[in-house]
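Peer 1: Can you keep this structure in mind? I'll have questions shortly.
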Amino acid sequence: GDDSTVCITIVGASGDLAKKKIFPALFALYYEDCLPEHFTIFGYARSKMTDAELRDMVSRTLTCRIDKRENCGEKMDQFLKRCFYHSGNYDSEENFTQLDGKLKEHEILAGRISNRLFYLSIPPNIFVDAVKCASRSASSANGWTRVIFEKPFGRDSDSSAALTRSLKQYLEEDQIFRIDHYLGKELVENLSVLRFSNLIFEPLWSRKYIRNVQLIFSEDFGTEGRGGYFDHYGIIRDIMQNHLLQILALFAMETPVSLDAEDIRNEKVKVLRSMRPIHVDDVVVGQYKGHTRGGQSYPGYTDDKTVPEDSLTPTFAAAALFIDNARWDGVPFLMKAGKALHDRRAEIRVQFRHVPGNLYNRNSGTDADRATNELVIRVQPDEAIYLKINNKVPGLGMRLDRSNLNLLYKARYAKEIPDAYERLVLDAIEGERRLFIRSDELDAAWSLFTPVLKEIEEKKVIPEYYPYGSRGPVGAHYLAARHNVKWGDVG
Ligand code: BG6
């Protein structure tokens, strides 16, 4: 509100995430008048930089997705005037005390309750040091202090629990905002609206009518430049344990008591804790190989200088998961995630059961699967929700085809969809925790994946190689077939 001021400090201000996502998100919020009236932004990093240099750096990365509108340039100047820089080490209480002094100058000018938000955009091995210094030396004196974290939150159950324990020496759980940026995506947030405010979906949302659910993530580029980070984690930790599993939880949870953050997260935790341990045979791993096509050469994963030549780290994985509860008993939830594939997409595909005694489909045998209804929620790109139905081809004969009831966002809504980070940063400022990961959720997510990750690593499972730009390992199809599933995104 009007009686408070907020200082937002981006720790790791010269990094990629800060430049590509955080500053642009803050600017978009400012442009839309969503930030509190009294706010100040500080960049904090090791390199020496003046305020002017920071502003110059930031101005070059502000994409201004609203640049079609008139006063964008003017707004940008006003925004940049609110940005400052402080150079310091991430483990120096002294440097954070200096930052505290600078923050106070702004707060005293505003003369109000002063809240502080720290956004840690730094590697995980320095999370705890930075939190220790920030909380001891640069906490708010009379308002709240909150810290936003980005994954990785550990790399298995033990390391994640250890990280949580260390952070809790300096912060209360309600000060910790763990981001999973997929939760900030428009169509992921819409999942609950789709389910709980439309009569025609929720009653079908169970084993009774749903045959299988597919969660698909693919990127048409490799780990370029991020090999060092990636090799320590792999695609299962990078995408499945968090982004896809979060979508699964929202998709499959029971109706929450209310839209309150705790009520929603309680339901998500229940789903995660109802999941059957993942069997190693229900996971397929792959890694992309370089090749040359049409004179153009594509690098393999291990061609990256920061990746060991003999790395077995998966850049692709497919897995079959099950939720052992009354609603979902026996329904396969198939996940597929990969880098360097033929396209970029993230989507949820829901395949419904066959129509019993279908009048129109009595002799078609193998085509029966293809004729079932399928609901597709395309998270990106080109956001859409569409439902595949069987329809009579107009004319005198009786021939059916498959058509789509199609809600294409760009055709329906004129306004551009905000970036996930805009929503998440705004929620953190407003103290809305619905889209952040609670520690028990995080524990449950690691409990599910840790045993199978350990097994894959101990057995040194050799990934199935696939060419850069292909559709990924054929093993994903065998895995699906074993559960009577056909991937919906193929063919
Ligand atoms: C990140 C992963 O969490 O998500 C990256 O670490 C991945 O490997 C990215 O590229 C994908 O996010 P988006 O929003 O571009 O789909």
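Peer 1: Could you tell me whether LEU245 is in contact with a helix residue (DSSP H, G or I) (Cβ under 6 Å, 6 or more places away or on another chain) and away from the ligand (no atom under 11 Å from the Cβ)? Lay out the reasoning, then the answer.
Peer 2: Details: in contact with a helix residue (DSSP H, G or I) (Cβ under 6 Å, 6 or more places away or on another chain): yes; away from the ligand (no atom under 11 Å from the Cβ): yes.
Here the answer is yes, as LEU245 does meet what is asked.
Peer 1: When you go through ASP91, ASP77, ASP33, ASP56 one by one, which is the residue that is touching a Cys at 6+ places or on another chain (Cβ under 7 Å), surrounded by fewer than 16 Cβ atoms within 10 Å (Cβ to Cβ) and not β-branched (Val, Ile, Thr)?
Peer 2: Details: ASP77 fails: touching a Cys at 6+ places or on another chain (Cβ under 7 Å); ASP33 fails: touching a Cys at 6+ places or on another chain (Cβ under 7 Å); ASP56 fails: touching a Cys at 6+ places or on another chain (Cβ under 7 Å).
Testing whether each residue is touching a Cys at 6+ places or on another chain (Cβ under 7 Å), surrounded by fewer than 16 Cβ atoms within 10 Å (Cβ to Cβ) and not β-branched (Val, Ile, Thr) leaves just ASP91.
Peer 1: I need the full set of residues from segment 196-222 which are outside any strand (DSSP E or B) and either open to solvent by 70 Å² or more (accessible area, probe 1.4 Å) or within 16 Å of the ligand (Cβ to nearest atom) (or both), in order please.
Peer 2: Selection gives SER197, LEU199, ILE200, PRO203, ARG207, LYS208, TYR209, GLU219, ASP220, PHE221, GLY222.
Peer 1: Does GLY295 qualify as being on the phi > 0 side of the Ramachandran plot, at pLDDT below 95 and either buried (at least 23 other Cβ atoms within 10 Å of the Cβ) or more than 13 Å from the ligand (Cβ to nearest atom) (or both)? I'd like the intermediate steps shown before the answer.
Peer 2: Values: on the phi > 0 side of the Ramachandran plot: yes; at pLDDT below 95: yes; either buried (at least 23 other Cβ atoms within 10 Å of the Cβ) or more than 13 Å from the ligand (Cβ to nearest atom) (or both): yes.
Yes; evaluated as a whole, the condition is true for this residue.
Peer 1: Only one of ALA130, ALA141 is farther than 30 Å from PRO451 by Cβ, open to solvent by 50 Å² or more (accessible area, probe 1.4 Å) and away from the ligand (no atom under 16 Å from the Cβ). Can you tell me which?
Peer 2: On the way: ALA130 fails: open to solvent by 50 Å² or more (accessible area, probe 1.4 Å).
Result: ALA141 is the single residue among ALA130, ALA141 that is farther than 30 Å from PRO451 by Cβ, open to solvent by 50 Å² or more (accessible area, probe 1.4 Å) and away from the ligand (no atom under 16 Å from the Cβ).
Peer 1: Could you list all residues from segment 187-215 that are more than 26 Å from ASN484 (Cβ to Cβ) and in contact with an Asp or Glu (Cβ under 8 Å, 6 or more places away or on another chain)?
Peer 2: Correct list: LEU187, PHE196.
Peer 1: Return the pairs, sorted by first residue and then second, in which the second residue is of a type in the set (Val, Ile, Thr) and open to solvent by less than 50 Å² (accessible area, probe 1.4 Å), the first residue lies in segment 380-401 and is under 30 Å from ARG345 (Cα atoms), the beta carbons are less than 6 Å apart, and the residues are 6+ apart or on different chains.
Peer 2: That search, which allows pairs on different chains as well, returns ILE385/ILE377; TYR386/VAL376; ASP401/VAL393.
Peer 1: Any idea which of LYS415, LYS410 is farther than 26 Å from GLY488 by Cα and basic (Lys, Arg)? So that I can check it myself, show each step before the final result.
Peer 2: Numbers: LYS410 fails: farther than 26 Å from GLY488 by Cα.
Residue meeting the stated conditions: LYS415.
Peer 1: Which of the residues belonging to segment 393-416 are of a type in the set (D, E, K, R) and either at pLDDT 95 or above or not in a loop (DSSP other than H, G, I, E, B) (or both)? Reasoning before the result, please.
Peer 2: As a first pass, look at segment 393-416 and keep what is of a type in the set (D, E, K, R): 399, 401-402, 410, 412, 415-416.
The answer is ASP401, ARG402, LYS410, ARG412.
Peer 1: Let me ask something else about it. State all residues of segment 223-242 that are more than 10 Å from the ligand (Cβ to nearest atom), touching a helix residue (DSSP H, G or I) at 6+ places or on another chain (Cβ under 8 Å) and farther than 23 Å from LEU334 by Cα; if no residue qualifies, say none.
Peer 2: The one that is more than 10 Å from the ligand (Cβ to nearest atom), touching a helix residue (DSSP H, G or I) at 6+ places or on another chain (Cβ under 8 Å) and farther than 23 Å from LEU334 by Cα: GLY227.
Peer 1: For segment 295-362, give me every one of the strands (runs of 3 or more DSSP E) that falls completely inside it and has 3 or more residues that are touching a strand residue (DSSP E or B) at 6+ places or on another chain (Cβ under 6 Å). Even if it seems obvious, please write down each step before you answer.
Peer 2: Numbers: elements: 296-298, 316-321, 333-338, 345-352.
Passing ranges, in order: 316-321, 333-338, 345-352.
Peer 1: Here is a further query. Let me confirm something: among THR306, THR315, THR255, which residue is within 16 Å of the ligand (Cβ to nearest atom), surrounded by fewer than 22 Cβ atoms within 10 Å (Cβ to Cβ) and of a type in the set (Ser, Thr, Tyr)?
Peer 2: Working: THR315 fails: surrounded by fewer than 22 Cβ atoms within 10 Å (Cβ to Cβ); THR255 fails: within 16 Å of the ligand (Cβ to nearest atom).
Only one candidate passes the filter, namely THR306.
Peer 1: Could I ask something else about it? Return the residues of segment 167-189 that are part of a helix (DSSP H, G or I), within 16 Å of the ligand (Cβ to nearest atom) and open to solvent by 20 Å² or more (accessible area, probe 1.4 Å); say none if nothing qualifies. Full working, then the answer.
Peer 2: Start the filter on segment 167-189 by keeping residues that are part of a helix (DSSP H, G or I), which leaves 167-168, 173-175, 181-184, 186-189.
Narrowing the set further to residues that are within 16 Å of the ligand (Cβ to nearest atom) leaves 181-184, 186-189.
HIS181, GLU186, GLU189, listed by residue number.
Peer 1: When you check PHE352 against the structure, is it within 16 Å of the ligand (Cβ to nearest atom), within 27 Å of the chain's Cα centre (by Cα) and either basic (Lys, Arg) or within 24 Å of ALA252 (Cα to Cα) (or both), yes or no?
Peer 2: Values: within 16 Å of the ligand (Cβ to nearest atom): no; within 27 Å of the chain's Cα centre (by Cα): yes; either basic (Lys, Arg) or within 24 Å of ALA252 (Cα to Cα) (or both): yes.
Answer is no for this residue.
Peer 1: Here's another thing I want to ask about it. Open to solvent by 10 Å² or more (accessible area, probe 1.4 Å), within 16 Å of the ligand (Cβ to nearest atom) and out of contact with any Leu (no Cβ under 6 Å at 6 or more places or on another chain) - does that describe any residue in segment 155-166? Break it down into steps so the answer makes sense when it comes.
Peer 2: If we filter segment 155-166 for residues that are open to solvent by 10 Å² or more (accessible area, probe 1.4 Å), which is where we start, we get 155-159, 161-166.
So of that shortlist, the ones also within 16 Å of the ligand (Cβ to nearest atom) come out as 155.
Remaining after also requiring out of contact with any Leu (no Cβ under 6 Å at 6 or more places or on another chain): 155.
Within segment 155-166, one or more residues are open to solvent by 10 Å² or more (accessible area, probe 1.4 Å), within 16 Å of the ligand (Cβ to nearest atom) and out of contact with any Leu (no Cβ under 6 Å at 6 or more places or on another chain).
Peer 1: Something else: Tell me the residue from ILE278, ILE247 that is surrounded by 17 or more Cβ atoms within 10 Å (Cβ to Cβ) and assigned to a loop (DSSP other than H, G, I, E, B), please. Can you show your working first?
Peer 2: Numbers: ILE247 fails: assigned to a loop (DSSP other than H, G, I, E, B).
Going through ILE278, ILE247 in turn, just one is surrounded by 17 or more Cβ atoms within 10 Å (Cβ to Cβ) and assigned to a loop (DSSP other than H, G, I, E, B): ILE278.
Peer 1: Next up: Specify the residue that is farthest from LEU250 (Cα to Cα); the eligible residues are those in segment 430-442 that are surrounded by fewer than 20 Cβ atoms within 10 Å (Cβ to Cβ), in contact (Cβ under 8 Å) with a residue 60 or more places away in the chain and not basic (Lys, Arg).
Peer 2: Looking at the filtered set, the residue picked out is GLY431.
The values are calculated or read from the model by the stated rules, or taken from the named source; none is laboratory data. Since the structure is predicted, the reported quantities are computational estimates derived from the model, not experimental observations. Ideal geometry is used to build each Cβ from the backbone, glycine not excepted, and the neighbour counts take in all protein chains shown. These accessible areas exclude ligands, DNA and RNA; they are computed on the full protein's heavy atoms, side chains included. Shrake-Rupley method; radii C 1.70, N 1.55, O 1.52, S 1.80 Å.
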